[in-house]
Amino acid sequence: MHAEVYSFGLKFASFYDEAKRSLTLFEEARKQIECVKLSGAVGTYANIDPRVERYVAKKLGLNKPSCATQVLSRDRHEEYASAITIASSLIEKVAVEIRNLSRTEIGEVEESFSKGQKGSSAMPQKRNPISSENLTGAARMMRGYLLPILEDNALYHERDISHSIVERVSLIDMIELFDYMLMRMARVVENLSIFPTRMEENIQKTHGAIYSQRAMNALIEKGLSREKAYDLVQPLAMNSVTKGMEFIPQLLENQDILKYLSPEEIASLTSVDYYFKNIDYIYKEIGLK
């Protein structure tokens, strides 16, 4: 069931806002993992001057840990891998949204489809969002890689080698997979076809029932209790949903509602601009204006 009117631009602005948070997480995680370890066999500087570690860290542009054992604690790797996985979940979120918006019943967007491309070997009419489907699967793989890395911190007596195979496979694969996901999603968004006319058509599919909250609020502003206003509006909205009756004409024919709202006030309820009056404020808060 449709909710109120929403902005396609705001949908992607919210993705951008989340991407900024993911970038902050990733940058912080890099500080933890881009760290030198030159404090001797078990981290006590028994056979090396601490100044060597500071010098090498500065020379290589790396950070220096305040404490280490035979290895750097693997909470650093956990944080880094988690940051990548969280960012990949955003890519999955965008991919799933594109997949749903591409469905025949909605049809508001479509991935780029080149001349001669085949959507199905059996059904020539198919034009599937294959990149978004691929990225959804990639995100599942990413979460699978994360789990063994989260198991790596508890090492026997500061270090065994159980973490070694995990990091040689999972961590390297995660980095390469994340790069692939970023590049592929960038291409999807850059070449995405958007169909505003279909969006406008979809707004009308509830026969105006999406304006029911506006009608209810207008009645409340006229002095009705919320419960009374809800009880007046809900049956009319249900008629629109279940019987295909237009919502606004029902309001105009309802004598109980006309006691409080004029025909002009009722007609104004369908203004889509009402829902976008504070969009610029949100964009400014996100940092897009």
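Bear in mind these aren't lab numbers, they're just calculated from the coordinates by the rules spelled out. Everything numeric here is computed off the predicted structure, so don't read it as measured data. Because the Cβ atoms are built from the backbone with ideal geometry, glycine has one as well, and the counts that use them run over all protein chains shown.
Tabulated values for the structure
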| read-out | value |
| --- | --- |
| Rounded to whole Hz, the Karplus (6.51, -1.76, 1.60) HN-Hα couplings of region 74-85, x for glycine and proline | 7, 4, 5, 5, 4, 5, 5, 5, 5, 4, 5, 5 |
| Integer Hz, Karplus 6.51/-1.76/1.60 couplings in order for region 20-35, x for Gly and Pro | 4, 5, 5, 5, 4, 4, 5, 5, 5, 5, 4, 4, 7, 8, 7, 9 |
| Residues with amide H under 5 Å from that of residue 63, placed H, sequence gap 5 or more | 35, 36 |
| Cα gyration tensor, region 87-243 - rounded (a/c under 1.5), prolate or oblate | oblate |
| Selected from 262, 2, 44, residue furthest toward positive end of dipole (the chain; charges at beta carbon) | 44 |
| The chain - charge dipole about Cα centre, Lys and Arg +1 at Cβ, Asp and Glu -1, debye rounded to 20 | 700 debye |
| Dipole magnitude (debye, nearest 20) for region 207-286, charges at Cβ of Lys, Arg, Asp, Glu | 140 debye |
| Vicinal HN-Hα couplings computed from phi for region 139-147 (Karplus, 6.51 cos²θ - 1.76 cosθ + 1.60; Hz; Gly/Pro x) | 5, 5, 4, 4, 5, x, 5, 5, 4 |
| Residue 48 long-range amide H proximity, modeled H, under 5 Å | none |
| Largest-first ellipsoid semi-axes for region 207-286, taking √(5λ) over the Cα gyration tensor eigenvalues, angstrom | 24, 15, 12 |
| Cα-based shape type of the chain, given that a ≥ b ≥ c are square roots of the gyration tensor eigenvalues and the cut on a/c is 1.5 | prolate |
| Restricting region 136-182 to GluC sites (Glu not before Pro) in coil, as DSSP defines it, with at most 14 other Cβ within 10 Å | 151 |
| Expected 222 nm ellipticity per residue - DSSP helices of 4 or more, -39500 (n - 2.57), all of the chain, to 500 | -18500 deg cm²/dmol |
| Euclidean distance between Cα centres, region 138-157 to region 172-243, Å | 37 Å |
| Pairs of Lys in region 170-289 closer than 17 Å at Cα, counting only those 8 or more apart or on different chains | 4 |
